[in-house]
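**Student:** Input: one structure, supplied below.
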Amino acid sequence: MIAALRPDRTTIIRTICAREWREAAGNRLLVAMTLLPPVVILLAGIGAVGAAAIYPPSERDVQALYAASPAMRGLDPTEAVQGIIATYFLILFMLIPTVVPLTVAIYSVIGEKSARTLEPLLATPAGVGELLFAKSLASTVPAVLVTWIAYVVYLVSVRAVGSQSAVNAVTAPRWILAIIVLVPLLTLLSVNLGIFISTRVNDVRVAQQIGGLVVVPVVGLGIAQVTGRVVLDDSAFVQTALFLIVLDVVVFYLARLAFQRENILVRWR
Amino acid sequence: MLADVGIILRAQGLTKRFGALTAVDGLDLEVREGEVFGFLGPNGAGKTTTLRLLCALIAPTAGTADVAGARLGRDDARIRATVGILTEQPGLYERQSASENLRFFAALYGLPRRAAQEQTDRYLRLMGLWDRRDEAVATFSRGMKQKVAIARAALHEPRIVFLDEPTTGLDPDAAKTVREFIGQIRSEGRTVFLCTHNLDEADRLCDRIAFFRRKVLRLDTPASLRSELYGQATEFRLVPRPREEDLVRVRAIDGVRSAVAEDGAIVVSSDDPLRTNPRVIRALVEGGADLAYVTERRVPLEDVYLRIVEGVQ
């Protein structure tokens, strides 16, 4: 006779993550939908830096640039423009961790709902908190890795097609802080928002449309930065990181509230 | 803890309300270790809710239960580790193979890697799915998926297996495999809690049956339920056909509850056929009737069900 036991938390989380990843990897559409946005964003960023080298700015643009960024004075105009583009591209780059995990997170709950696999899963000794955490982790880890890989690709590309000032911009403390701290925080926010939305709707497309709103603050911040209404200095990044930590906790708590065993079995349709 | 040896499940006043709706109303129930226990009731009677309560999937509004030595509400994770459940829908990961599905659940039930593989292989063979173990479940028929789901419910060797409509929608061959599997679980001394609409199946498989509609209406062995409601009926076929005087003679016999003519036979109902039937035979032969054969007539469980659950007389 086999003696079934409650497995330890690590085993439960590892087992669920492995299954989620196997499931996602076997779904070509899901993989394509997940990888397309970072590829497009990356190509746009590399293309912008490259274009600045091919099409030098006019004298008028250069003067406006020096006025906006006095630190650039003295640099070759092309180098200065590339440096500015690389700096501003950071905000656009932050779209990757918000967009990439959303589809996987939404699919991981709605997929289980439509396949009716949640009840057998909830009938195991695994706790709902472990289940939610594992699902969250399974969506977060690949998204963070994809973003970090995209960063490395961007850095190598900028080094190849851009100037030293562009490289300096991409390796500035602000970029490094964003990549190490903001990327995981934004990813977690997107994942838990996706999971929370998925508990309320049954259609992947509807969930994606609602979840897509997560990019609005990032895009808004980018526009505000480009139009000069907001200056994203190092202090602003630290404040953003703190705000995201609070937001992550709130959204995870909301997802945890919605992700109750009885709710899932009785109320979810 | 359960005080009585041999009782694996005891519910006391188990109640579940969803707002104004009372799905389960003060359920009192005892299930013995090693028996196949039938849980029968109409749609919406609260059977699935009861299963979910007993498997610690949802919390009761009132009352409690001891399941395999663990107390509901206090040892829920232990209950879930000790029981197995087949849900209404197979609920399998369709892109993954039968083998992958089973290994995944084996790991969640805490089986070490090697034991998980051995149990997966064992149950795939038992269910006749060995040759297709590595194929995606999406390519399986409904019956094959149901077999995988049943294997999943049993692969961690739970002391009690809850099966919700295990043969619904299956072809006769697959249904037979499932019934044989239930028999095997019982032969291993494990308990099966069987929710079914298939009364013939319940009659064949179950040691005891509970008729349920929000609460247990009646609980006993199928034979006792029949006997209690209808007595035990025997068919005495006469050639060319029964005469009125044969009926009069039979009805006069001590122990005969009723005797009616039906399709060329006299159907005799009595509480103790072993004592009554020889007297009936003797009386008919002495009265000059030509007795062709005598057979036991089983009242369909459906009649018992309708009388208890629906109040049909």
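**Student:** Using the Cα centre of the protein assembly as shown as origin and beta-carbon charges of +1 (Lys, Arg) and -1 (Asp, Glu), tell me which of B:VAL161, A:VAL40, A:VAL109 is placed farthest towards the positive end of the dipole.
**Tutor:** Farthest towards the positive pole: A:VAL40.
**Student:** Could you check which residue among B:VAL256, B:VAL216, B:VAL67 shows the biggest mean-square fluctuation in a GNM of chain B with a 10 Å Cα cutoff?
**Tutor:** B:VAL256
**Student:** For helix B:273-286, what angle does its Cα long axis make with the longest principal axis of chain B, in degrees from 0 to 90 and rounded to 10?
**Tutor:** Helix B:273-286 sits roughly 30 degrees off the main axis of chain B.
**Student:** Over the alpha-carbon set of the protein assembly as shown, work out the extent along each principal axis and list the three values in angstrom, largest first.
**Tutor:** Extents along the principal axes: 131, 47, 40 Å.
**Student:** Neighbour counts of other C-beta atoms within 10 Å: give me A:VAL191, A:VAL266, B:VAL248 arranged from fewest to most.
**Tutor:** With the fewest neighbours first, A:VAL191, A:VAL266, B:VAL248 line up as B:VAL248, A:VAL266, A:VAL191.
**Student:** How many lysine pairs in the protein assembly as shown, separated by 8 or more positions in sequence or lying on different chains, have Cα atoms less than 29 Å apart?
**Tutor:** Pairs that pass both the separation and distance tests number 15.
**Student:** Once the Cα atoms of helix A:77-93 and of chain A are each reduced to a long axis, what angle between those two axes, in degrees from 0 to 90 to the nearest 10, is obtained?
**Tutor:** The angle comes out at about 20 degrees.
**Student:** If one computes P(r) from the Cα atoms of chain B, what percent of pairs lie at distances over 26 Å?
**Tutor:** Considering chain B, 55 percent of its Cα-Cα pairs are separated by more than 26 Å.
**Student:** Take the Cα coordinates of the range A:141-218, assign each an equal point scatterer, and use the Debye formula without solvent to give log10 I(q)/I(0) at q = 0.14, 0.18, 0.19 Å⁻¹.
**Tutor:** -0.59, -0.81, -0.86
**Student:** Let me ask something additional. I want the local charge near A:SER69. Using Cβ-Cβ distances under 15 Å, sum +1 for each Lys or Arg and -1 for each Asp or Glu among the other residues.
**Tutor:** It works out to a net charge of -2.
**Student:** Spelling out what I want: for every residue of the range A:182-192, take phi, set θ = phi - 60°, compute 6.51 cos²θ - 1.76 cosθ + 1.60 (Karplus), and round to whole Hz; glycine and proline get x.
**Tutor:** For the range A:182-192, the Karplus curve yields 5, 4, x, 5, 5, 4, 4, 4, 5, 5, 5 Hz.
**Student:** Under unit Cβ charges (Lys, Arg +1; Asp, Glu -1), what dipole magnitude, rounded to 20 debye, does chain B have relative to its Cα centre?
**Tutor:** Charge dipole, chain B, about its Cα centre: 940 debye, nearest 20.
**Student:** While we're looking at this one, here's another question. Trypsin sites (Lys or Arg not before Pro), restricted to the range B:265-313: which are DSSP loop and have at most 11 other Cβ atoms within 10 Å?
**Tutor:** Sparse-neighbourhood loop trypsin sites (Lys or Arg not before Pro): none present.
**Student:** Just to be sure I understand the curve: with the Debye formula and one point per C-alpha of the range B:57-196, what is log10 I(q)/I(0) at q = 0.15, 0.18 Å⁻¹?
**Tutor:** Per q value, in the given order, log10 I(q)/I(0) is -0.73, -1.03.
**Student:** Compute the angle between helix A:9-25 and the longest alpha-carbon principal axis of chain A, please, reported from 0 to 90 degrees and rounded to the nearest 10.
**Tutor:** So the helix axis and the longest Cα principal axis differ by about 70 degrees.
**Student:** Placing +1 at every Lys and Arg Cβ and -1 at every Asp and Glu Cβ, with all other atoms neutral, what dipole size does the protein assembly as shown have around its Cα centre, in debye to the nearest 20?
**Tutor:** 700 debye
**Student:** Could I ask something else about it? Among the GluC sites (Glu not before Pro) within the range B:23-93, which fall in a DSSP loop and have no more than 15 other Cβ atoms within 10 Å of their own Cβ?
**Tutor:** Filter output for the range B:23-93: B:GLU88.
**Student:** Taking H as built 1.01 Å from N, whose amide H comes closer than 5 Å to the amide H of B:ARG297, not counting residues under 5 places away?
**Tutor:** For B:ARG297, the qualifying residues are B:ALA233, B:THR234, B:GLU235.
**Student:** With only Lys, Arg, Asp and Glu charged, each at its Cβ (+1 for the first two, -1 for the last two), find how big the charge dipole of the range B:175-311 is about the Cα centre; round to the nearest 20 debye.
**Tutor:** Using Cβ point charges on Lys, Arg, Asp and Glu, the range B:175-311 gives about 440 debye.
Readers should treat all values here as calculations from the given coordinates under stated rules, not as data from a laboratory. The model shown is predicted, which means the values in this text are computed figures rather than measured ones. Positions of Cβ are generated from backbone atoms using ideal geometry, with glycine treated the same way; all protein chains shown enter the neighbour counts.
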